[in-house]
Structure formats: structure tokens, C-alpha cells
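The values are calculated or read from the model by the stated rules, or taken from the named source; none is laboratory data. Being a predicted model, the structure only gives us computed values, none of them experimental. Positions of Cβ are generated from backbone atoms using ideal geometry, with glycine treated the same way; all protein chains shown enter the neighbour counts. To get the accessible areas, we keep the full protein, side chains included, count just its heavy atoms, and leave off ligands, DNA and RNA. Shrake-Rupley method; radii C 1.70, N 1.55, O 1.52, S 1.80 Å.
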Amino acid sequence: MLKWHRGRRRADDPPFTASRIVEGMRLGASVEVDLVIHADRGFAVLHDRRIDRATTGSGAIAALPASYLRGQTLLDNRGRPTGERVLLLEDLTDLLTGIEIAPDALLQLDFKEDAAALDDRAVEIFAAGVAPFASHYILSCGDAAAVERLTSATPGIRVGYDPCHRGAADAAIRSGDYAGFVDRAVSASPDAEMIYLENRLILAADRNGVDLVGAFHARDRRVDGYTVTRVVPDTVREVRRLLELRVDQITTDDPESLAALDFERLDADILTGRTDSGSRLVRWVRRTTGLGPGPTTTRA
């Protein structure tokens with residue numbers, strides 16, 4: 001339920017490392033990686049269009065060949081080399097070959113470009129790279145045309161769609177036309193089983209009395225809410241509400257900390273003022289939010 005955003009299990013993990021991807025697939029996690037097209041028309045497992053910030057290399061990925069990308073190393077969150085190399089789409093097959101993949105493990109391929117970036121060669125490379133483990137992949141993208149072109153060429157892959165791009169989420173929040181937003185999303189990608197929604201959109205609709213998650217459930221779609229970056233007091237409130245709204249999956253950079261939250265115990269300890277439970281999170285939430293009995297404690 002807690003998707004490993006950019007292949008992270010913990011907040012301080014560097015993104016897109018082979019070791020975390022393999023770990024997640026063995027454990028049965030939902031793991032997300034990003035894809036951008038390189039000069040040889042294949043796909044690099046990176047988020048940005050340039051590699052300068054995330055790797056030891058430099059340049060625009062669209063102008064860099066696979067051979068150059070393979071020679072680069074991923075950087076950690078402080079900009080230091082990790083020793084883990086940049087991955088290409090076909091490398092994922094190598095990683096998954098020979099390991100015991102958990103039956104429910106799912107690797108989300110989030111294509112960061114649009115249909116205009118695709119040509120026949122890129123689609124062919126995508127289909128060949130995904131084919132060996134297609135049932136363990138789900139494709140997502142903010143462009144429905146790109147989703148359709150890539151998934152139609154790849155039998156067995158699961159289909160996702162993110163309708164929040166190109167200002168669509170902001171437009172829905174401003175207009176309050178959430179029903180129209182749902183209709184347009186379902187129409188744009190009729191085969192999508194998972195809809196990826198910004199948490200701020202889900203919660204804005206909720207504040208206006210609209211259950212956006214329920215609306216997609218009524219159309220036989222599951223909902224992923226993104227992205228929880230770190231577990232902080234506001235996160236606790238928002239995640240609790242997302243769970244009450246029955247989101248099917250939460251995208252997070254810190255799945256381990258989020259999974260450790262015990263909301264029933266947290267609620268009870270906050271409301272009773274209990275301080276002997278040993279829960280650092282309870283004490284932190286109480287002093288930073290003023291929840292629970294007694295005077296608010298100033299944050300140290």
C-alpha cells in the first residue's frame with residue numbers, strides 16, 4: 001500500500017538504486033521508478049531531463065547515448081557518489097532475472113515525457129525491455145496518449161494514468177468541477193486500473209464535501225495519492241484522512257516511517273495525554289500541534 005517513491009524505502013535513500021529495487025520486488029512492495037528517453041531511443045531510469053543533479057555525469061539525457069549513461073554513478077542526497085550505476089530500462093530485466101519476485105510485487109514505470117517524444121524505435125525498445133516481466137509492471141504517465149501507445153505495444157503490462165498534469169489539478173481546485181475532472185480522466189485513459197492523484201487535490205475536494213477517491217472507485221478505478229515526503233505532524237493528519245477516504249495506495253519517500261505509524265495508539269495517547277508509552281512520535285505531535293490535554297508545549 002505504501003509505494004516506494006523513486007525506489008526509496010527510507011527518506012535518506014538515494015533514488016533509483018538497483019539494491020532497493022531488488023529488495024522491494026523480493027518483499028512484495030510497490031516500487032516506482034521514472035523513465036526518460038536517451039539518445040539511442042531507449043529509456044534511462046532517472047527523473048530529470050538532465051543528469052547533472054542526480055549522477056556523476058552531465059548533459060541532457062536526450063543527447064546522451066546508453067554507453068555514456070551506463071558509465072555514470074548515482075549520487076546520494078548530499079551529492080556524493082553512491083557506487084550504484086545509472087540504470088536503463090533493460091537493466092531492470094537483468095535485476096529481476098534469477099530473484100524470487102513476490103507475487104504481489106509491482107514496479108511502476110512513470111514515463112516523464114509525452115507522446116510527442118515517442119517514435120517507433122522507442123516503443124519497440126520499451127516493449128522488448130518490459131516483456132519478460134510485464135505482469136509485474138504498471139505504466140503511468142501524465143499524457144494519456146503516451147500511456148495508450150506504450151501499453152498497447154506491451155501485452156500483459158498494467159495500465160495507470162495521472163490526470164493531474166498540465167494544470168488539471170489546479171483547474172479542478174479552482175473551479176470545483178470535480179465530477180468533470182473524474183469524467184475527463186476516465187475518458188482519456190479508459191483502460192487505466194490505477195489513477196494517480198496529488199494528495200492536495202484529494203484533500204481540497206474533501207474540504208469541499210467531495211469524495212474524489214470514492215468517485216473513482218465508483219468507476220472501477222483504484223487511487224494512488226502522492227507524495228508524502230517525510231513523516232511530520234501535518235503528514236499524520238493528512239495520511240489519516242487519506243486512509244479514511246480509502247485511498248488504495250500512498251506514494252511516499254519514507255515508507256518505513258509511515259508504516260511504523262500506529263494511528264489507533266497515536267490517537268489514544270494524544271487524547272489522554274499519556275507520556276509513558278515510549279512513542280517519540282506521540283510526544284512530538286503533542287508538543288508541535290498542541291493536541292491533547294494540558295498546555296501546549298513549546299517545541300524545543
Of (1) over 22 Å from Leu150 (Cβ atoms); (2) surrounded by 18 or more Cβ atoms within 10 Å (Cβ to Cβ), Arg219 fails just (2)
Scanning the range 138-158 for residues that are out of contact with any Gly (no Cβ under 6 Å at 6 or more places or on another chain) and among the small types (Gly, Ala, Ser), which turns out least open to solvent (accessible area, probe 1.4 Å)? Ala146
Conditions first: (1) within 16 Å of Gly7 (Cβ to Cβ); (2) in contact (Cβ under 8 Å) with a residue 40 or more places away in the chain. Gly42 passes all but one, so which condition is the exception? (1)
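Could you please give the count of residues in the range 38-72 that are open to solvent by less than 30 Å² (accessible area, probe 1.4 Å) and either within 18 Å of Thr93 (Cβ to Cβ) or touching a Pro at 6+ places or on another chain (Cβ under 7 Å) (or both)?
Here is the first cut: in the range 38-72, the ones open to solvent by less than 30 Å² (accessible area, probe 1.4 Å) are 38, 42-46, 51, 55, 57, 59, 61, 64, 66, 69, 72.
Retained after the next criterion (residues that are either within 18 Å of Thr93 (Cβ to Cβ) or touching a Pro at 6+ places or on another chain (Cβ under 7 Å) (or both)): 38, 42-46, 66, 69.
Matching residues across the range 38-72 total 8.
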Residue pairs qualifying under the 7 Å Cβ cut-off, at least six apart or on distinct chains, with the first in the range 215-240 being charged (D, E, K, R) and the second being open to solvent by 50 Å² or more (accessible area, probe 1.4 Å) and not in a helix (DSSP H, G or I), are Arg221/Glu193; Arg222/Glu193
Under 14 Å from Gln108 (Cα atoms) and touching a residue at least 24 places away in the same chain (Cβ under 8 Å): does that describe Leu35? yes
What do you reckon, is Phe126 touching a residue at least 24 places away in the same chain (Cβ under 8 Å), surrounded by fewer than 21 Cβ atoms within 10 Å (Cβ to Cβ) and within 27 Å of Leu95 (Cα to Cα)? no
Check on Asp120, modelled with pLDDT of 95 or more, surrounded by fewer than 18 Cβ atoms within 10 Å (Cβ to Cβ) and more than 23 Å from Leu197 (Cα to Cα): yes
Filtering the range 73-106 down to residues that are open to solvent by less than 20 Å² (accessible area, probe 1.4 Å) and not aliphatic (A, V, I, L, M) yields Asp91
Which of the following residues is in contact (Cβ under 8 Å) with a residue 60 or more places away in the chain, over 24 Å from Asp162 (Cβ atoms) and not hydrophobic (A, V, I, L, M, F, W, C): Asp52, Asp119, Asp104, Asp91? Asp91
Of the residues in the range 104-141, those that are in a loop (DSSP other than H, G, I, E, B) and over 17 Å from the mean Cα position of the chain (by Cα) come to Asp114, Leu118, Asp119
Answer yes or no as to whether Ala169 is open to solvent by less than 20 Å² (accessible area, probe 1.4 Å), touching a strand residue (DSSP E or B) at 6+ places or on another chain (Cβ under 6 Å), part of a helix (DSSP H, G or I) and of a type in the set (Gly, Ala, Ser). yes
